[in-house]
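Below you'll find the structure, written out as structure tokens, and then a few comments.
The values are calculated or read from the model by the stated rules, or taken from the named source; none is laboratory data. From a predicted model like this one, the values you see are computed outputs, not experimental measurements. We place every Cβ from the backbone using ideal geometry, glycine too, and count neighbours over all the protein chains shown.
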Amino acid sequence: MRVTVRVPAKINVVLRVGPPRADGFHDLATVFHAVSLFDDVTADDVADGTGVRLTLDGPYARGLAADESNLAVRAAHALASAAGVAADVRLRVHKSIPVAAGLAGGSADAAGVLLACNRLWGLHWPVPRLTEVAATLGSDVPFSVLGGTALGTGRGERLEPVRVGGELHWVLAVADGELSTPEVYRRLDEIRADAGPPELPSGVVAAMERADAPAVAASMANDMEAAALSLRPSLRSTLDAGRAAGALAGIVSGSGPTCVFLAPDGPGAAALAQVLSASAPCRTTEVVTGPAVPTVHVAS
Ligand code: C5P
């Protein structure tokens, strides 16, 4: 049997970050939004006692370890051990989501493996049971299992889905190089005096429900942006270029360094991407829509 899962990248439309907790994490209030840039996870049944084997390919596979340190491999082991089954599977991940870019690419791969092995191993666990395992792997993994749009609290693992009544059009400006999430959180703690409990701006949920781009734009904000800019000052020119080129709003995505811009519509997004490609110091641009959801395909 072969199971393939297309699993989307995520952006944070709003990301509010509280002070550091005793366990080293930060409480968040965020609007997660999955967008149409996908990694493809393929899981083949081997059932021969050879364990979890992973191969990686695609535009962002270079330099990634395919060993036990890879979150995709850890996801297969975590699910097998939670379900009490043998962790035998051959995994292939085709990486189109940039790595360490604030787009939860690694979390997407882990989520794809959970969804794929759930079928491959005949578990048929419901999503809430999968998200429990997902939360042991990383703060963004539960949302990556769900996709769509959701409010996130706790360290990001407590989720409340939001039903978005339309499509939003985004441009991702993918920067050269990576930013380490723990490093960006550390810098945030250094540069911020006092942080209160994180709260979402009023109106953002209603704006998302209506897929009302100008209203969504008015709420977009990211507390981690100042820290990402302090580590990577060139992102300021990308944000300025996007705003000057007609984006309704532009922010750093998650811990960066990708910048995400909201466009009024599809043609607006295409035009914005063209200007950004020519004028911003970024590696590439991606025109995407949201919300997107993971899809699972089974072939015997
Ligand atoms: O959960 P995840 O493994 O993705 O987190 C990576 C690191 O990011 C954590 O070790 C922590 O330093 C930081 N983090 C945080 N608060 C969160 C999520 C992540 O401080 N809510």
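Matching residues to (1) in contact with a His (Cβ under 7 Å, 6 or more places away or on another chain); (2) farther than 27 Å from Pro126 by Cβ; (3) at pLDDT 95 or above; (4) of a type in the set (Lys, Arg):
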position: Ala29; (1), (2), (3), (4): no, no, yes, no
position: Thr42; (1), (2), (3), (4): no, no, yes, no
position: Asp45; (1), (2), (3), (4): no, no, no, no
position: Leu54; (1), (2), (3), (4): no, no, yes, no
position: Leu64; (1), (2), (3), (4): no, yes, no, no
position: Arg74; (1), (2), (3), (4): no, no, yes, yes
position: Ala83; (1), (2), (3), (4): no, no, yes, no
position: Val93; (1), (2), (3), (4): no, no, yes, no
position: Gly112; (1), (2), (3), (4): no, no, yes, no
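For the range 100-112, a tally of residues being in a loop (DSSP other than H, G, I, E, B) and closer than 14 Å to Leu37 by Cβ returns 4.
Looking at the range 1-92, the strands (runs of 3 or more DSSP E) lying wholly inside it that each contain 3 or more residues that are under 30 Å from Ala263 (Cβ atoms) sit at 2-20, 26-44. When the range 113-148 is filtered for residues that are within 16 Å of the ligand (Cβ to nearest atom), assigned to a helix (DSSP H, G or I) and buried (at least 24 other Cβ atoms within 10 Å of the Cβ), the ones remaining, listed by number, are Val113, Leu114, Ala134, Val141, Pro142, Phe143, Ser144, Val145. Could you tell me whether Thr42 is away from the ligand (no atom under 16 Å from the Cβ) and either farther than 30 Å from Ser219 by Cα or in contact with a Leu (Cβ under 7 Å, 6 or more places away or on another chain) (or both)? It is true that Thr42 is away from the ligand (no atom under 16 Å from the Cβ) and either farther than 30 Å from Ser219 by Cα or in contact with a Leu (Cβ under 7 Å, 6 or more places away or on another chain) (or both). Restricted to the range 8-38, and to residues there that are touching an Asp or Glu at 6+ places or on another chain (Cβ under 7 Å) and within 16 Å of the ligand (Cβ to nearest atom), the residue that is farthest from Met220 (Cα to Cα) is Arg21. For Val99, the test of being modelled with pLDDT of 95 or more, among the aliphatic types (A, V, I, L, M) and touching a helix residue (DSSP H, G or I) at 6+ places or on another chain (Cβ under 9 Å) is failed.
Residues that are touching a residue at least 60 places away in the same chain (Cβ under 8 Å), aliphatic (A, V, I, L, M) and out of contact with any Leu (no Cβ under 9 Å at 6 or more places or on another chain) within the range 169-191 comprise just one, Leu188. Pairs linking a residue in the range 243-255 that is closer than 16 Å to Ala226 by Cβ and more than 16 Å from the ligand (Cβ to nearest atom) to a residue that is of a type outside the set (Val, Ile, Thr) and part of a loop (DSSP other than H, G, I, E, B), with Cβ atoms under 9 Å and 6 or more positions apart or on different chains, are Gly250/Met220; Ile251/Met220.
Of the residues Gly156, Gly166, which is farther than 30 Å from Ala83 by Cβ and either within 15 Å of the ligand (Cβ to nearest atom) or touching a residue at least 24 places away in the same chain (Cβ under 8 Å) (or both)? I'd like the intermediate steps shown before the answer.
Working: Gly156 fails: farther than 30 Å from Ala83 by Cβ.
None of the other options fit; the residue is Gly166.
In the range 204-242, of all residues being touching a residue at least 60 places away in the same chain (Cβ under 8 Å) and of a type outside the set (A, V, I, L, M), the one that is farthest from Gly18 (Cα to Cα) corresponds to Gly242. Per the conditions (1) crowded, with 20+ Cβ neighbours inside 10 Å; (2) more than 10 Å from the ligand (Cβ to nearest atom); (3) under 12 Å from Leu231 (Cβ atoms), the sole criterion not satisfied by Glu178 is (1).
When the criteria are applied in full, Glu225 fails the requirement of being closer than 30 Å to Cys117 by Cα, surrounded by fewer than 24 Cβ atoms within 10 Å (Cβ to Cβ) and within 22 Å of the chain's Cα centre (by Cα). Take the residues in the range 181-210 that are of a type in the set (A, V, I, L, M) and exposed (fewer than 14 other Cβ atoms within 10 Å of the Cβ); name whichever of them is nearest to the ligand (Cβ to nearest atom). That would be Ile191.
Of Pro233, Pro267, which residue is at pLDDT 95 or above, loosely packed, with under 15 Cβ neighbours inside 10 Å and within 25 Å of Val164 (Cα to Cα)? Give the steps one after another, and end with the answer.
Numbers: Pro233 fails: within 25 Å of Val164 (Cα to Cα).
Just a single option satisfies the conditions, and that option is Pro267.
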